[in-house]
Amino acid sequence: MDFDGTAQVFKALGDAHRLRALHFLATADGACCSTGQGICTCDVQQVLGLSQPTTSHHMKLLVGAGLVDVEKRGKNSYYTLSARGMRVARTALDTLLAAVPQPR
């Protein structure tokens with residue numbers, strides 16, 4: 001297991017705003033700037049109710065942790081969930097869960 005990378009994933013998951021952003025990316029169905037190929041920063045900002053710089057900071061941490069992919073198109077950034085990043089979190093939890101003693 002890549003402990004440093006996995007720790008970065010869980011650190012990114014340890015914030016309510018970032019969890020809300022991930023939930024939004026997973027459930028959004030056509031926002032103001034979405035093209036079916038990602039969710040625009042302005043849509044994430046509106047959902048989070050944060051300033052643009054603060055929203056960008058949170059999204060940068062999610063991208064850095066590998067949980068979110070970003071594509072720059074013109075002046076806008078579009079975000080999608082990263083299957084690879086989600087698998088890192090799931091694998092870590094599954095590994096730990098397998099080590100938990102089962103009740104008798």
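The values are calculated or read from the model by the stated rules, or taken from the named source; none is laboratory data. None of these values were measured; they are calculated from a predicted model. Cβ: placed from backbone, ideal geometry, glycine included. Neighbour counts: every protein chain shown.
Quick notes on this structure:
- Pairs, first more than 8 Å from residue 78 (Cα to Cα) in the range 36-47, second modelled with pLDDT of 90 or more and surrounded by fewer than 19 Cβ atoms within 10 Å (Cβ to Cβ), C-beta under 6 Å, six or more apart: 45/52; 47/24
- Residue ID - nearest to residue 12 (Cα to Cα), chosen from residues in the range 57-82 that are touching a strand residue (DSSP E or B) at 6+ places or on another chain (Cβ under 9 Å) and of a type in the set (Gly, Ala, Ser): 82
- Filter result for residue 70 (in contact (Cβ under 8 Å) with a residue 60 or more places away in the chain and either more than 17 Å from residue 24 (Cα to Cα) or in a strand (DSSP E or B) (or both)): no
- Note on the range 17-35: among residues that are within 13 Å of residue 76 (Cα to Cα) and of a type in the set (Ser, Thr, Tyr), the one that is modelled with the highest pLDDT is 35.
- Subset of the range 77-94 (residues that are of a type in the set (A, V, I, L, M) and either at pLDDT below 90 or outside any strand (DSSP E or B) (or both)): 83, 86, 88, 89, 92, 93
- When each of 38, 74, 49 is tested for being at positive phi and modelled with pLDDT of 95 or more, the lone residue that passes is 49.
- Scoring residue 97 on the criteria (1) among the aliphatic types (A, V, I, L, M); (2) part of a strand (DSSP E or B); (3) surrounded by fewer than 14 Cβ atoms within 10 Å (Cβ to Cβ) leaves a single failure, condition (2).
- Boolean, residue 50 is in contact with a helix residue (DSSP H, G or I) (Cβ under 8 Å, 6 or more places away or on another chain), without any contact (Cβ under 8 Å) to a residue 60 or more places away in the chain, in a loop (DSSP other than H, G, I, E, B) and surrounded by 15 or more Cβ atoms within 10 Å (Cβ to Cβ): yes
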